[in-house]
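So the structure is just underneath, and the comments pick up after that.
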Amino acid sequence: MKNKGRYGQFGGYYVPEVLIPALEEMDEAFERFRDDEGFCAELERLLTDYAGRPTPLYHSQALSEKVGAQVYLKREDLLHGGAHKLNNTLGQGLLAHYMGKKKLIAETGAGQHGLATATIGAMMGMEVKIFMGATDIERQMPNVQKMKLLGAEVIPVVGASGTLKDAINEALRYWTAHVDDTFYLFGTVAGPHPYPSMVRKFQEVIGIEARGQCLEKIGRLPEVVAACVGGGSNAMGIFAAFINDKDVRLVGVEAAGYGLDTDKHAATLQKGSVGVLHGARSYILQDENGQVHESHSVSAGLDYPGVGPEHSFLKDSDRAEYVGATDEEVLDTFLFMAKSEGIFPAFESAHAVAWVISQAGKFKPEDIIVINLSGRGDKDVDAFIRYRGETIK
């Protein structure tokens, strides 16, 4: 495994010695089953009959008129559970089952990955523990309640910022002591190898579908594919099918928080530097001594000071560009989408929509823009009302 999981200078596995056998076991199982006929057939059945794939590619008239181009939404918000996260949890959960593991652990920020893990744990009859920062528990209570109803134990992580970074730290500590019977179902394309490549594999169904739908519905590929980026799984999932199409712009939208000129953001690829976080070399938010900065976003799922190593590689190779949307732009977009399209986008997904709106007038009327609407925003309604209740007429 020594030279595996590398994207240029990024990736790898920088973990305690005790975790290396567990990662090697997982890597061997993934390589054995990823193309296995029986495994793939069972995963395809679950994605279709349980999760509800394929998800639609929807032409948004309201966004098209506002932006001055043809804007399409890849509706991952319509997937069972309300987000793209189920694609990955079904894949990893099935792999855990094939490996004979009986217990699952996971970290979560916005709660969508935790909810997806609890969902497949209930369906597969596996014990589930979800590590979640205390700050995120408070701002994502609807998802916390759902996880508990599904039978998962939600473990609050206190101290530090009480967000996704801290939940990952605690999950890794727990896994170190329970590697024999427990499978760590990691939620994004970050972390040590094989997670970045494994999560990418299970999420690339988004891009494969979107590419085919563009060719079928429109007759050509889009000019732009946009997605929000925290760790980066939904973006990597849709980017994967377009990476070799050099005329397609790939745009990842990070959390600019209060603004990139402040220290209250989570714009890792725009403001970070190369370092190691959670077992992989990538861009991270850190000071000159390598101490990790606290990140900030109105979106719990993007409130993370790191990013997946393949995104770092795409940035440095100029294949993808990374931009930002502020908290205020996201709140504006949430309300616009609700009132003009009858859609509540997750705060995470609203970042990508907000950036596209900010580019109004910069496209040709015939240009095609595909946005990965990675999750629905039921979980964010209470937060929106706290921030902007007075704007609801």
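Look at (1) in a helix (DSSP H, G or I); (2) farther than 21 Å from Arg139 by Cα; (3) not aromatic (Phe, Trp, Tyr) and you find that Ala350 fails only one, number (2).
Within segment 288-316, take every residue that is part of a loop (DSSP other than H, G, I, E, B) and among the aliphatic types (A, V, I, L, M) and give me the one that is nearest to the chain's Cα centre (by Cα). Only one residue tops the list, namely Val307. Scanning segment 353-378 for residues that are of a type outside the set (Gly, Ala, Ser) and not in a strand (DSSP E or B) gives Val353, Trp355, Val356, Ile357, Gln359, Lys362, Phe363, Lys364, Pro365, Glu366, Asp367, Asp378. Restricted to helices (runs of 4 or more DSSP H) entirely inside segment 42-136, those with at least 1 residues that are of a type in the set (Gly, Ala, Ser), touching a Ser or Thr at 6+ places or on another chain (Cβ under 6 Å) and crowded, with 21+ Cβ neighbours inside 10 Å are 112-124. Just one of the listed residues (Leu250, Leu221, Leu269) is touching a strand residue (DSSP E or B) at 6+ places or on another chain (Cβ under 8 Å), in the same structural domain as Asn289 (by TED's automatic domain parsing) and assigned to a helix (DSSP H, G or I), and it is Leu269. Against the definition (assigned to a loop (DSSP other than H, G, I, E, B) and hydroxyl-bearing (Ser, Thr, Tyr)), how does Tyr387 come out, yes or no? Considered against the rule, which asks whether it is assigned to a loop (DSSP other than H, G, I, E, B) and hydroxyl-bearing (Ser, Thr, Tyr), Tyr387 comes out as no. Screening segment 142-174 for residues that are in a helix (DSSP H, G or I) and of a type in the set (A, V, I, L, M) and picking the one that is farthest from His296 (Cα to Cα) gives Leu149. For segment 323-344, the criterion of a residue being of a type in the set (A, V, I, L, M), closer than 30 Å to Tyr7 by Cα, touching a residue at least 12 places away in the same chain (Cβ under 8 Å) and part of a helix (DSSP H, G or I) is satisfied by no position.
For segment 13-39, the set of residues classified as in a helix (DSSP H, G or I) and exposed (fewer than 13 other Cβ atoms within 10 Å of the Cβ) consists of Glu17, Val18, Pro21, Glu37, Gly38, listed by residue number. Taken together, Ser197, Ser161 contain a single residue that is within 20 Å of Asn88 (Cα to Cα) and of a type in the set (S, T, N, Q), which is Ser197. Note on segment 345-381: among residues that are loosely packed, with under 13 Cβ neighbours inside 10 Å and charged (D, E, K, R), the one that is nearest to Gln213 (Cα to Cα) is Glu366. Scanning segment 175-200 for residues being in contact with a Lys or Arg (Cβ under 6 Å, 6 or more places away or on another chain) and outside any strand (DSSP E or B) gives a total of 3. Out of contact with any Leu (no Cβ under 9 Å at 6 or more places or on another chain), of a type in the set (A, V, I, L, M, F, W, C), within 28 Å of Lys66 (Cβ to Cβ) and buried (at least 17 other Cβ atoms within 10 Å of the Cβ): is that true of Phe334 in this structure? Considered against the rule, which asks whether it is out of contact with any Leu (no Cβ under 9 Å at 6 or more places or on another chain), of a type in the set (A, V, I, L, M, F, W, C), within 28 Å of Lys66 (Cβ to Cβ) and buried (at least 17 other Cβ atoms within 10 Å of the Cβ), Phe334 comes out as yes.
Of the residues making up segment 1-12, those that are on the phi > 0 side of the Ramachandran plot and crowded, with 16+ Cβ neighbours inside 10 Å are Gly5, Gly11, Gly12.
For segment 174-201, the candidate set comprises residues that are charged (D, E, K, R) and either modelled with pLDDT of 95 or more or surrounded by 24 or more Cβ atoms within 10 Å (Cβ to Cβ) (or both); within that set, the residue that is farthest from Met236 (Cα to Cα) is Lys201.
The values are calculated or read from the model by the stated rules, or taken from the named source; none is laboratory data. Keep in mind that this is a model prediction, so the values were computed, not measured. All Cβ positions, glycine included, derive from the backbone under ideal geometry; neighbour counts span all protein chains shown.
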